[in-house]
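*Asks:* Following this message is one structure expressed as structure tokens.
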Amino acid sequence: MKLYSYFRSSAAYRVRIALNLKGLAYETVPVHLLKDGGQQLSDSYRSLNPTALVPTLVDGDLAVGQSMAILEYLEETHPAPTLLPADAKGRARVRAIAQTIACDIHPLNNLRVLKYLKHEMGVGEEAKNEWYRHWIAQGLSALEAMLAASPETGRYCHGDQPTFADLCLVPQLFNARRFGCDESAYPTIVRIDAECAGLAAFQQAAPANQPDSE
């Protein structure tokens with residue numbers, strides 16, 4: 001398998017964790033989102049993934065983008081160890097947590113959105129960062145409430161084994177810290193992140209440990 005990835009992409013980060021947890025060997029193909037005007041915009045990469053986004057997973061003759069679709073594909077083709085609960089209610093809860101991050105929080109803070117705010121809309125650097133922190137605060141506040149109020153929350157977002165939810169949570173918190181977001185209102189999130197940080201699969205997937213890390 002090949003993973004077209006950018007070291008700081010939270011979407012690619014999710015997939016790296018999943019591959020590591022499942023013990024799957026893969027080749028990283030760096031796609032730098034800033035160099036050369038954005039390598040993801042090149043014709044060669046667009047021919048692989050017309051959305052011009054990372055990650056893209058190539059497995060044989062399959063090329064699939066969208067991190068959540070990749071996670072589902074890996075779960076279906078390599079079910080052990082599982083990253084989803086065995087019961088339908090548990091799977092629904094995990095997917096809801098994961099999609100709160102992947103669909104509600106992350107898109108508003110994606111690099112292409114921040115670049116558009118700055119370069120096309122003329123938004124200043126600090127105003128751009130305030131945009132980021134505003135949506136992070138709204139999203140993480142909702143997520144903290146979901147996790148803190150549920151008896152299903154264990155060492156991790158759901159029970160005592162990592163799931164899709166944790167794979168989304170850790171990269172999002174990494175990015176929040178990059179932008180100086182206040183974590184004090186999210187003790188459950190911070191605790192779960194610390195649990196994940198103790199696992200080799202999460203450590204190996206961290207941005208600083210990628211071949212294209214700067």
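*Asks:* Name the single residue, out of those in region 159-192 being of a type in the set (D, E, K, R) and under 18 Å from A96 (Cα atoms), that is most open to solvent (accessible area, probe 1.4 Å).
*Replies:* Of everything passing the filter in region 159-192, D160 is most open to solvent (accessible area, probe 1.4 Å).
*Asks:* Okay, moving on. Could you say which residue among E152, E130 is under 27 Å from A205 (Cβ atoms) and acidic (D, E)? Can you show your working first?
*Replies:* Values: E130 fails: under 27 Å from A205 (Cβ atoms).
Of the residues listed, the single one that is under 27 Å from A205 (Cβ atoms) and acidic (D, E) is E152.
*Asks:* Which residue pairs have Cβ atoms closer than 7 Å, lie 6 or more positions apart in sequence or on different chains, and pair a first residue in region 189-214 that is outside any loop (DSSP other than H, G, I, E, B) with a second residue that is among the basic types (K, R)?
*Replies:* Once the first residue is outside any loop (DSSP other than H, G, I, E, B) and sits in region 189-214, its partners that are among the basic types (K, R) give E195/R155; A205/R16; P207/R8.
*Asks:* Pull up region 1-56, narrow it to residues that are under 29 Å from I136 (Cβ atoms) and part of a strand (DSSP E or B), then point me to the one that is most open to solvent (accessible area, probe 1.4 Å).
*Replies:* Among those residues, the one meeting the criterion is P30.
*Asks:* Give just the number: which of (1) at pLDDT 95 or above; (2) within 12 Å of the chain's Cα centre (by Cα); (3) assigned to a helix (DSSP H, G or I); (4) over 17 Å from D166 (Cα atoms) does Y73 not satisfy?
*Replies:* (2)
*Asks:* Kindly state which helices (runs of 4 or more DSSP H) lie completely within region 85-158 and contain at least 2 residues that are under 17 Å from R177 (Cα atoms) and open to solvent by 30 Å² or more (accessible area, probe 1.4 Å). Outline the logic, then answer.
*Replies:* Values: elements: 88-99, 111-115, 125-148.
Helices (runs of 4 or more DSSP H) meeting the threshold: 125-148.
*Asks:* Still on this structure: Taking only pairs six or more apart or across chains, which ones have beta-carbon atoms under 7 Å, a first residue in region 46-66 that is closer than 12 Å to A11 by Cβ and modelled with pLDDT of 95 or more, and a second residue that is surrounded by fewer than 17 Cβ atoms within 10 Å (Cβ to Cβ) and hydroxyl-bearing (S, T, Y)?
*Replies:* G65/T51
*Asks:* Please list, ordered by first then second residue, the pairs with beta carbon atoms under 6 Å, 6 or more apart or interchain, first in region 12-30 and under 16 Å from Y45 (Cβ atoms) and of a type in the set (G, A, S), second buried (at least 18 other Cβ atoms within 10 Å of the Cβ) and modelled with pLDDT of 95 or more.
*Replies:* Final answer for the pair search is A12/S5; A12/Y6; A12/V54; A12/P55.
*Asks:* For a quick check of your reading of the model, give me the residue pairs whose first member lies in region 92-104 and is of a type in the set (S, T, Y), whose second is crowded, with 20+ Cβ neighbours inside 10 Å, with beta-carbon atoms closer than 6 Å and at least 6 apart or on different chains.
*Replies:* These pairs meet every condition: T100/L143.
The values are calculated or read from the model by the stated rules, or taken from the named source; none is laboratory data. On a predicted model such as this, the values are computed, not experimentally measured, just so you know. For neighbour counting, all protein chains shown are included, and Cβ atoms are generated from backbone atoms with ideal geometry for every residue, glycine included. Keep in mind that these areas ignore ligands, DNA and RNA; they rest on the heavy atoms of the full protein, side chains included. Shrake-Rupley method; radii C 1.70, N 1.55, O 1.52, S 1.80 Å.
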